[in-house]
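Here's the structure we're looking at; comments come further down.
The values are calculated or read from the model by the stated rules, or taken from the named source; none is laboratory data. Bear in mind the structure is a predicted one, so any value in this text is a computation, not a measurement. When we count neighbours, we look across all protein chains shown, and the Cβ atoms used for this are built from the backbone with ideal geometry, even at glycine.
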Amino acid sequence: MKDLRIAVVPGDGIGVEVIREACAAIEAVAAASGKRITLTPFDWSADAYLKTGVSLPADGLKMLAENFDAILLGAMGDPRVPDNRHAADILLGMRFGLDLYVNHRPVKLLDARLCPLKGVEPKDVDFVVFRENTEGLYVMMGGNFKKGTPDEVATDIDLNTRKGVERIIRHAFEYARATGRKKVLMSDKSNVLIHAHDLWQRVFKEVKAGFPEITASHMYVDNLSLQLVRDPRQFEVIVTSNMFGDIVTDIAAGLQGGLGMAASGNIHPGKISLFEPVHGSSPPIAGKNIANPIGAIATAALMLAHLGWKEEAARIDAAVLEAVRAGQTTVDIGGTLGTREAAAAIVERLKPRS
């Protein structure tokens, strides 16, 4: 297995704290396995933007694609940049500029006490959401007419292409086949969005024909939102559009203990990809040693698995599970530890045992 080169962008707020702990976990598991991984930090953040006026350097994407295997990104956002221009430039710039069309959100409950639903066990919450990541309402196409007047008109365009819809749906089916999952559900709002989501309907029917061993089904997104909290047992793989994926994965994160537990990858299969914990930068708690590091550490495991370090990824996941079940966690999920101490409890489990 080749050495890995990871670009690390800690970001803003608690991103800096939790990404530091994710890097410690990566280094610990690499050392225990006798493998080499190089973590190269980049100060692309609100601090840097306020000092230099530069958010994402002009040659940044080219440099990343040519020199690194993956990117580990912390949360972006800072109240000193009211429009969060730097965050949009960096995060969306990488998503769109590197064509990271797969947003991969694993949803797995580690301990029954973390789920707000009654009678739900870890075996009942174990599914993956694939969110289309480069189209939809997030392309920021639209505008204002007569802005600031009583007659103002504001529009945003929901952009869906045949290529974009097909490749994310196909990825969901291919993932299900590769991992032994038997069900793929597509969610849309085609009863109202009769043009854009009719495209989703037609493509889904065409693609599923090539995967006869997998049960394919459909739910409108409002029903999916209900069903996620009514009975999460019914889901294995979910695929949906950019905005709907953004919303339903936050609901799903609630099933596993909150956003502090949630990992994600922004992926273009076969090319450099970006991995980030789901939560925001949370400025009010930044620097207070109370942020949950598990989402970032689980994101690191997801990244390593994607890059072929599957044993190391499994070891990180196992260490996280042990720490959670031992109660060695931050306050938000019932523990008493700070960010550094909760992460140390995980990292200690990754060290070689004599």
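Per-residue answers, yes or no, for (1) among the charged types (D, E, K, R); (2) over 20 Å from residue 255 (Cβ atoms); (3) at pLDDT 95 or above:
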| position | (1), (2), (3) |
| --- | --- |
| 109 | no, no, yes |
| 116 | no, no, yes |
| 128 | no, no, yes |
| 146 | yes, yes, yes |
| 167 | yes, yes, yes |
| 170 | yes, yes, yes |
| 181 | yes, no, yes |
| 185 | no, no, yes |
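Only one residue in 284, 352 is over 20 Å from residue 108 (Cα atoms) and in a helix (DSSP H, G or I), so which one is that? Break it down into steps so the answer makes sense when it comes.
Numbers: 352 fails: in a helix (DSSP H, G or I).
Criteria check complete, one pass: 284.
Looking only at the stretch 12-34, which residues are modelled with pLDDT under 95 and part of a loop (DSSP other than H, G, I, E, B)?
34
Sort out which residues of the stretch 220-247 are free of Cβ contacts under 8 Å to residues at least 40 places away in the same chain and assigned to a strand (DSSP E or B), and write them in order of number.
Answer for the stretch 220-247, where residues must be free of Cβ contacts under 8 Å to residues at least 40 places away in the same chain and assigned to a strand (DSSP E or B): just 220.
Quick one: is residue 348 surrounded by 24 or more Cβ atoms within 10 Å (Cβ to Cβ) and farther than 15 Å from residue 19 by Cβ?
So residue 348 does not fit the description; no.
Name, by its number, the condition in (1) over 25 Å from the mean Cα position of the chain (by Cα); (2) under 21 Å from residue 253 (Cβ atoms) that does not hold for residue 224.
(1)
Out of the residues in the stretch 266-307 meeting the condition of being of a type in the set (Ser, Thr, Tyr) and farther than 16 Å from residue 21 by Cα, tell me which one is surrounded by the most Cβ atoms within 10 Å (Cβ to Cβ).
Filtering the stretch 266-307 for residues of a type in the set (Ser, Thr, Tyr) gives 273, 281-282, 299.
If we keep only those that are farther than 16 Å from residue 21 by Cα as well, we get 273, 282.
Details: 273: 22, 282: 20.
So, considering only residues that are of a type in the set (Ser, Thr, Tyr) and farther than 16 Å from residue 21 by Cα, the one surrounded by the most Cβ atoms within 10 Å (Cβ to Cβ) is 273.
Give the residue that is surrounded by the most Cβ atoms within 10 Å (Cβ to Cβ), with candidates limited to residues of the stretch 185-219 that are touching a residue at least 24 places away in the same chain (Cβ under 8 Å) and of a type in the set (Val, Ile, Thr).
207
Of all residues in the stretch 15-34, how many are surrounded by fewer than 16 Cβ atoms within 10 Å (Cβ to Cβ) and touching a Lys or Arg at 6+ places or on another chain (Cβ under 9 Å)? Break it down stepwise before answering.
Narrowing the stretch 15-34 to residues surrounded by fewer than 16 Cβ atoms within 10 Å (Cβ to Cβ): 27, 31-32, 34.
Still in the running and touching a Lys or Arg at 6+ places or on another chain (Cβ under 9 Å): 31-32.
Result for the stretch 15-34: 2.
Just need a number here: residues in the stretch 151-196 that are in contact with a His (Cβ under 6 Å, 6 or more places away or on another chain) and in a loop (DSSP other than H, G, I, E, B).
Initially, the stretch 151-196 is screened for residues in contact with a His (Cβ under 6 Å, 6 or more places away or on another chain), giving 186, 188-190.
Retained after the next criterion (residues that are in a loop (DSSP other than H, G, I, E, B)): 189-190.
The qualifying residues number 2.
Across the stretch 308-345, which residue is surrounded by the most Cβ atoms within 10 Å (Cβ to Cβ) among those that are touching an Asp or Glu at 6+ places or on another chain (Cβ under 6 Å) and closer than 24 Å to residue 71 by Cα? Walk me through it before giving the result.
Here is the first cut: in the stretch 308-345, the ones touching an Asp or Glu at 6+ places or on another chain (Cβ under 6 Å) are 324-325, 339, 343.
Then keep just the ones that are closer than 24 Å to residue 71 by Cα; that gives 339, 343.
On the way: 339: 22, 343: 26.
Per the criteria, the residue is 343.
What residue, among those in the stretch 260-294 that are more than 15 Å from the chain's Cα centre (by Cα) and polar (S, T, N, Q), is farthest from residue 102 (Cα to Cα)?
That would be 289.
Among what's in the stretch 16-29 and is out of contact with any Leu (no Cβ under 8 Å at 6 or more places or on another chain) and in contact (Cβ under 8 Å) with a residue 24 or more places away in the chain, pick the residue that is nearest to residue 341 (Cα to Cα). Steps first, answer last, please.
Restricting attention to the stretch 16-29, the residues satisfying the condition of being out of contact with any Leu (no Cβ under 8 Å at 6 or more places or on another chain) are 16-18, 20-21, 24.
The next check asks that each one be in contact (Cβ under 8 Å) with a residue 24 or more places away in the chain; those that pass are 16-18, 21, 24.
Details: 16: 16, 17: 12, 18: 12, 21: 10, 24: 12 Å.
Among residues in the stretch 16-29 that are out of contact with any Leu (no Cβ under 8 Å at 6 or more places or on another chain) and in contact (Cβ under 8 Å) with a residue 24 or more places away in the chain, the one nearest to residue 341 (Cα to Cα) is 21.
Here is a yes/no grid of residues against (1) under 19 Å from residue 115 (Cα atoms); (2) in a loop (DSSP other than H, G, I, E, B); (3) touching a Leu at 6+ places or on another chain (Cβ under 8 Å); (4) in contact (Cβ under 8 Å) with a residue 24 or more places away in the chain:
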{"site": "253", "(1), (2), (3), (4)": "yes, no, yes, yes"}
{"site": "260", "(1), (2), (3), (4)": "yes, no, no, yes"}
{"site": "297", "(1), (2), (3), (4)": "no, no, no, yes"}
{"site": "321", "(1), (2), (3), (4)": "yes, no, yes, yes"}
{"site": "335", "(1), (2), (3), (4)": "yes, yes, no, no"}
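How many residues are surrounded by fewer than 16 Cβ atoms within 10 Å (Cβ to Cβ) and touching a residue at least 40 places away in the same chain (Cβ under 8 Å) if we restrict to the stretch 98-122? Reasoning before the result, please.
Looking only at the stretch 98-122, we keep the residues that are surrounded by fewer than 16 Cβ atoms within 10 Å (Cβ to Cβ), and these are 99, 112-113, 116, 118-119, 121.
Pick out the ones that are also touching a residue at least 40 places away in the same chain (Cβ under 8 Å) and you get 99, 113, 116.
Counting residues in the stretch 98-122 that are surrounded by fewer than 16 Cβ atoms within 10 Å (Cβ to Cβ) and touching a residue at least 40 places away in the same chain (Cβ under 8 Å) gives 3.
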